[in-house]
1. Collect the residues in region 49-58 that are in a strand (DSSP E or B) and open to solvent by 90 Å² or more (accessible area, probe 1.4 Å), keeping them in residue-number order.
2. Does Arg84 count as more than 25 Å from the chain's Cα centre (by Cα) and on the phi < 0 side of the Ramachandran plot?
3. Cβ-Cβ under 8 Å, sequence separation 6+ or interchain: first residue in region 52-79 and free of Cβ contacts under 8 Å to residues at least 12 places away in the same chain, partner outside any loop (DSSP other than H, G, I, E, B) and surrounded by fewer than 11 Cβ atoms within 10 Å (Cβ to Cβ). Which pairs?
4. For residues that are open to solvent by 50 Å² or more (accessible area, probe 1.4 Å), part of a strand (DSSP E or B) and farther than 27 Å from Arg69 by Cβ, scanning just region 5-48, find the one that is modelled with the highest pLDDT.
5. Quickly run through region 75-108 and pick out the residues that are open to solvent by 100 Å² or more (accessible area, probe 1.4 Å), of a type outside the set (A, V, I, L, M) and modelled with pLDDT under 80.
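The values are calculated or read from the model by the stated rules, or taken from the named source; none is laboratory data. All values derive from a computational prediction rather than experimental measurement. We place every Cβ from the backbone using ideal geometry, glycine too, and count neighbours over all the protein chains shown. Side chains included, ligands, DNA and RNA excluded: accessible areas come from the protein's heavy atoms. Shrake-Rupley method; radii C 1.70, N 1.55, O 1.52, S 1.80 Å.
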Amino acid sequence: MVIWTAGISGPRFRVARWATRGYTGGMRVISQREFRNNSAAVMDAVEAGETYHVTRNGVEIAELRPLSRRRRLTAEELVERHRRMPRVEHKLMQQEADEFFGAEDRIGDDDPWERRRG
């Protein structure tokens, strides 16, 4: 459902606030036609944090939601995170795995991460 509002720059489309809520909480349900006719207003609302379910013939077929805006880590931050990670002791890890899974199916006792010295 679409309503007209008079803005400073003239009339504009806004998606109705009373669109189906029910079990979806703050999620709005709009038809494919409404999305097509008012895509700019819907995309503005999504950019502002709204989530929409789009229906075709009364069946929900898509969800429009904002992308998460996670900051990418720099190489230095990744190296620092790696340095703070706990060390893995192979023998202890293997012992715990043997206690949990059993050792009868293990192929070999070699440490796959240990370098071969020749």
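1. Selection gives Arg56 alone.
2. Taking the combined requirement at face value, the residue satisfies it.
3. Taking only residues 6 or more apart or on different chains, the pairs are Leu73/Arg81.
4. Across region 5-48, the extreme among qualifying residues is Pro11.
5. Answer for region 75-108, where residues must be open to solvent by 100 Å² or more (accessible area, probe 1.4 Å), of a type outside the set (A, V, I, L, M) and modelled with pLDDT under 80: Glu104, Asp105.
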